[in-house]
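Peer 1: Just dropping this structure here.
The values are calculated or read from the model by the stated rules, or taken from the named source; none is laboratory data. Treat the numbers as computed from the prediction; the structure is a model and nothing was measured. Positions of Cβ are generated from backbone atoms using ideal geometry, with glycine treated the same way; all protein chains shown enter the neighbour counts. Protein only, heavy atoms only, side chains kept; ligands, DNA and RNA dropped before computing areas. Shrake-Rupley method; radii C 1.70, N 1.55, O 1.52, S 1.80 Å.
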Amino acid sequence: MLISGGYYSVNLAEILALQLDQIIPNVSLTKEPFGRDSGKYMDLRKNSVVIIFDFRRHELASKKVAEIAKQRGATVVVITDQELSPSAENADIVLPVAVEGVPFDSFAGLMVLVEAIVEATFRLSRESGLERMKNWEENIHAYRAFSTNPQPEEES
């Protein structure tokens, strides 16, 4: 699964990619689909999924990513505003979200959608998703302020 976003929406695309990667394998955020990430698009096949975030100032790169993914037989999901991105022309699934805000677009509804996608993926993955999350937690080296399993203090 490849996930890309635009100038601002790449931030929510990254949240989606980070969370899905903990549940299912082979999830990549592609910040540069026509640069260092272009090889990932060459590897797309019929069972691949590409999620594209494209809002308001609809970017040409998003449209081209959708075209390439469609040509390679991938399932294309476009998450866009209610005006619909030109990328939607090549999408199998279009998820429009209201984003109107002042002075910037509001990502509140978009964040709810991201969380719904993650939860649905988790529910569909069942035991394999739970097992992957357990393995991920056991192997990540994140330094935490506290631990739920405190280590016994060494005696001096």
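Peer 1: Could you give the dipole magnitude of segment 56-150 about its Cα centre, charging the beta-carbon of Lys and Arg +1 and that of Asp and Glu -1, in debye to the nearest 20?
Peer 2: 260
Peer 1: Provide the solvent-accessible area of ASP105, counting protein heavy atoms only and rolling a 1.4 Å probe, rounded to the nearest 10 Å².
Peer 2: We get 50 Å² for ASP105.
Peer 1: Work from the charge dipole of segment 1-96 (Cβ charges, +1 for Lys and Arg, -1 for Asp and Glu, about the Cα centre) and give the residue of ALA13, PRO25, ILE79 farthest towards its positive end.
Peer 2: Projecting each Cα onto the dipole axis, the largest value belongs to PRO25.
Peer 1: Provide the net charge surrounding VAL10, with neighbours chosen by a C-beta distance below 11 Å and charges set as Lys +1, Arg +1, Asp -1, Glu -1.
Peer 2: Cβ neighbours under 11 Å give a net charge of -3.
Peer 1: Where only protein heavy atoms count, and the probe is 1.4 Å, what is the accessible area per residue for the chain in Å²?
Peer 2: I get 66 Å² per residue for the chain.
Peer 1: While we're on this one: Hey, rough spin-label estimate for GLU138 and ARG36, points 7 angstrom out along Cα→Cβ, what's it come to in nanometres?
Peer 2: For GLU138 paired with ARG36, the spin-label model returns 3.1 nm.
Peer 1: I would also like to ask the following. Where Lys and Arg each count +1 and Asp and Glu each count -1, what net charge lies around ALA108 among other residues with Cβ under 12 Å from its Cβ?
Peer 2: -3
Peer 1: For every other residue with a beta carbon closer than 15 angstrom to the beta carbon of VAL27, add +1 if it is Lys or Arg and -1 if Asp or Glu, then tell me the sum.
Peer 2: Taking every Cβ under 15 Å from that of VAL27, the sum is -1.
Peer 1: Continuing with the same structure: Could you give the length gained by full extension between ARG57 and ASP43, i.e. 0.36 nm per residue of separation minus their alpha carbon distance, to one decimal place?
Peer 2: Here the answer is 2.2 nm.
Peer 1: Could you work out how much longer the chain between PHE104 and GLU67 gets when fully extended? Use 0.36 nm per residue separation minus the Cα distance between them, nm to one decimal.
Peer 2: Stretched fully, the PHE104-GLU67 segment lengthens by 10.5 nm.
Peer 1: With every protein chain in place, what's the accessible area of LEU18 (1.4 Å probe, Å², nearest 10)?
Peer 2: 100
Peer 1: Separate question: If I take every Cα pair under 8 Å that is 6 or more residues apart in segment 38-110, average their sequence separation and divide by the length, what percent do I get for the relative contact order?
Peer 2: 28
Peer 1: For the chain, what D do you get in µm² per second when you plug the Kirkwood radius from alpha-carbon pairs into Stokes-Einstein at 37 °C and 0.692 mPa s?
Peer 2: In µm²/s, the coefficient rounds to 194.
Peer 1: Run the simple label-point estimate for LEU18 and ARG123 please: 7 Å along Cα→C-beta, distance reported in nm.
Peer 2: Each label point is offset 7 Å from its Cα along the Cβ direction, giving 2.5 nm.
Peer 1: Sorted by packing (mean other beta-carbon atoms within 10 Å per residue), highest first, where do 50-58, 25-33 land?
Peer 2: Highest-to-lowest ranking by the protection proxy: 50-58, 25-33.
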